[in-house]
1. Over all residues in A:92-99, what is the mean tally of Cβ atoms on other chains that come within 10 Å of each residue's Cβ?
2. Would you mind working out the magnitude of the charge dipole of segment B:151-206 relative to its Cα centre, with +1 at each Lys and Arg C-beta and -1 at each Asp and Glu C-beta, to the nearest 20 Debye?
3. Within 10 Å of each Cβ in B:126-135, how many Cβ atoms from other chains are there, averaged over the peptide?
4. Among the listed pairs B:168/B:190; A:32/A:93; A:59/B:173, which have their C-alpha atoms separated by more than 21 angstrom in this model?
5. Hey, how much of the P(r) for segment A:33-119 falls beyond 16 Å, as a percent of Cα pairs?
6. Running a GNM on chain A with Cα contacts under 10 Å, which residue among A:94, A:54, A:115 ends up with the highest mean-square fluctuation?
7. Short version: ³J(HN,Hα) in whole Hz for each residue of segment B:263-270, in order, from phi by Karplus 6.51 cos²θ - 1.76 cosθ + 1.60 (θ = phi - 60°), x for Gly and Pro, what are they?
8. Over its Cα atoms, what ratio of radius of gyration to 2.2 N^0.38 Å does segment B:7-243 give?
Amino acid sequence: MKCTTAAENSNPVPVKPTNFYAEKTQSYVYLKTSLTIEDENSSELNGNQYKFLILQAMKETLGQVGAATPVDLLKVFGDGTCIIRVPSRSTEKIWAALTLYGSTPSGKRCAFRVIHASPFLLGLAFNSRNHRDATS
Amino acid sequence: MALPIYADLNIPYQSAGSIQEVLDLCVDVGFERVAINNVVKNLQSGKNKKQAAKPQILPPTQILLNKSSTDALKAQRPKFQQLSRFTTILDDAANTHRLGSPEVQAYDIIAVQPTDEKTFQLACSTLDVDIICLNFTENLGFSLKRPLIKLAIKRGIHFEISYSPALKDNSVKRNIISNALTLISVSRGKGVIISSAAEKPIDVRSPWDVMNLGKLFGLNQTQAKDAISRNCRAVLKHAEARKTCKTVISVTAASNLRPDERWILQTSRTEAISQQKSITQDNPESSSEEDSSDDSEDNENMDSENVHDQPERKKLKLDVS
């Protein structure tokens, strides 16, 4: 991570916008995911159940080899959302596996929806998807 | 740069209550353009014409949501737009002439689902439709050939992939992924749209999920985004062009103008007023008081919703057969 500022000299008057850019691709991607289960209150889910369902989703679409990718559950929020960390190389596949997961082992319909994906954990603090056109 | 408008062009028609639930969630997750799909399996009656009557086709106004519920959705997303879509299954190449009938043409989008090679060829090369959707849930039974697909894309027809059947069954999921991969490798990622076909709210995924799914199907980032935004817009433009033939100018009734197109009326009126004023200046005998009072009334009406209720405004309508 590198930060280019206007100048580190003494006169502070002209403030140019700062650009942040990653010098290399990050090794992990953080996904903020919500899980909805039909006829069930998803706020009651605990971490173990969440992890189990994520693994089930990966097994179903990607098979045993795909499910061997390390996925870390960092935080479970009360409203049925959580933050998971996946290796950036396999983000696309794991995300698709979550998207295509339709029903829990007990036969209830469920839906993983990725609310936000970012290579930086701090990036999850603000969601640019809620931006609207100024004209509308 | 304007934000893309994400579209889901396949929400199967059900009762108004359940479709309302689906649309609520669609709007909630980020879709702004939604087409309600009326699937009529058999467009033509069977060979025993005495036994089976022609299937009834509902007019699009019946399948669309009423104004009060769309207004609620518009409050959430101001650009929200609902469209009507008609889909039929082609199982006989001879059963296509009813596609041109006025009750089918009343729909915004027309789609066909070919079932074998013959009908697929017909749909790609001659039929006047906007979308070709294939039954990806099982083995297609014929191969998708590059020249035909190229021809269809050249004619502005798009191919549809629906993902929601994949959520229910594992073998169906496998079939959908493999068929989608084939289609995208043959079409090289062009002319593809991805839609949900969601019957329940739980089947709806957010536009970004769908984009990622498109990447799994073999599209790149841009193509995946186009599959739910730009290509869907192209479908609508194609549908519009189908109704007006080849054209550079089309004439519509003033009542059909969208709110963001009202400026056309405004400018044409101001021009007319300035012309009128120059005429009245030339002829001082004509009463100028009437004109001014009319103008103020008109301007008030312009701001309100019912522009088309004004008797003075000349309505133009062009019937293109």
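Any read-out appearing in this document is the output of simple, stated calculations on the displayed coordinates, not a laboratory observation. Just so it is clear, the structure is predicted and the values come from calculations on it, not from any experiment. Cβ atoms come from the backbone with ideal geometry, glycine included; neighbour counts cover every protein chain shown.
1. On the way: counts 4, 3, 1, 7, 8, 1, 3, 11.
Neighbouring Cβ atoms belonging to other protein chains average 5 per residue here.
2. Values: 9 positive and 4 negative charges, 50 e Å.
Magnitude of the dipole: close to 240 debye.
3. Details: counts 0, 0, 0, 0, 0, 0, 0, 0, 0, 0.
Per-residue shielding by partner chains comes out at 0.
4. Numbers: B:168/B:190 28 Å; A:32/A:93 16 Å; A:59/B:173 13 Å.
In this structure, B:168/B:190 lie more than 21 Å apart at Cα.
5. Working: 1778 of 3741 pairs.
Counting pairs separated by more than 16 Å, the tail of P(r) holds 48 percent.
6. Result: A:115 has the largest fluctuation of those listed.
7. 4, 4, 4, 4, 5, 5, 5, 4
8. 0.97
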